[in-house]
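Single-structure report; data block below.
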Amino acid sequence: MSFKVMFADTAKEDLRNIATYIAEQSKDKKIAINFVNELREKTKILQTFPECGAIPDDRIMKNSDYRFLVHKEYLIFYHYISKDNTSYILSIFNAKRDYSRVMRKFIKK
């Protein structure tokens with residue numbers, strides 16, 4: 001069975017920001033594009049194994065069924081909705097950032 005993977009607008013914006021940052025730091029647009037393509041490629045595993053991501057340590061995020069994939073020094077946070085057979089990529093950011101702070105905006109109160 002093949003599952004869907006959808007990128008939320010927030011994740012698309014994250015990818016643009018990552019590409020811009022890498023292009024500025026490396027002075028090479030091609031390196032930035034290749035890295036963003038690697039991040040997108042990493043999410044394709046969710047088409048086959050939507051629940052393969054790690055479960056965050058944060059209790060609230062764990063109870064909200066968030067998961068994440070790791071690619072190099074980046075975290076790819078997503079939420080799998082089984083009734084939709086879809087993984088929604090919500091945010092992508094450097095692992096040095098406090099993920100609970102970054103992801104707080106996605107947690108329903």
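Where a number appears in this text, it was derived from the coordinates with a stated rule and is not lab data. This one's a predicted model, so the numbers in the text were calculated from it and none came from an experiment. Methodologically, a virtual Cβ is constructed for each residue, glycine included, from the backbone with ideal geometry; neighbour enumeration extends over all protein chains shown.
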Original post:
With respect to Thr48, is the statement that it is crowded, with 16+ Cβ neighbours inside 10 Å and of a type in the set (Ser, Thr, Tyr) true?
Top reply: no
**OP:** For segment 9-54, name all the residues that are in contact (Cβ under 8 Å) with a residue 40 or more places away in the chain, within 18 Å of Glu73 (Cβ to Cβ) and polar (S, T, N, Q).
**Re:** Thr43
Original post:
Among the residues of segment 51-62 satisfying the criterion of being of a type in the set (A, V, I, L, M) and closer than 26 Å to Asn17 by Cα, which is surrounded by the fewest Cβ atoms within 10 Å (Cβ to Cβ)?
Top reply: Ala54
Original post:
Across segment 35-45, what is the total count of residues that are surrounded by 14 or more Cβ atoms within 10 Å (Cβ to Cβ) and not β-branched (Val, Ile, Thr)?
Top reply: 4
**OP:** Identify, from the list Ile60, Ile76, Ile45, Ile31, the residue that is in contact with a Cys (Cβ under 7 Å, 6 or more places away or on another chain) and of a type in the set (Val, Ile, Thr).
**Re:** Ile45
Original post:
Pick from segment 63-109 the residues that are farther than 15 Å from Leu15 by Cβ and of a type in the set (A, V, I, L, M, F, W, C): which of them is surrounded by the most Cβ atoms within 10 Å (Cβ to Cβ)?
Top reply: Met103
**OP:** Could you list, in sequence order, all residues of segment 78-99 that are in a strand (DSSP E or B) and within 17 Å of Thr48 (Cα to Cα)?
**Re:** Tyr78, His79, Tyr80, Ile81, Thr86, Ser87, Tyr88, Ile89
**OP:** Output the residues belonging to segment 49-78 that are touching a Ser or Thr at 6+ places or on another chain (Cβ under 7 Å) and of a type in the set (Ser, Thr, Tyr).
**Re:** Tyr78
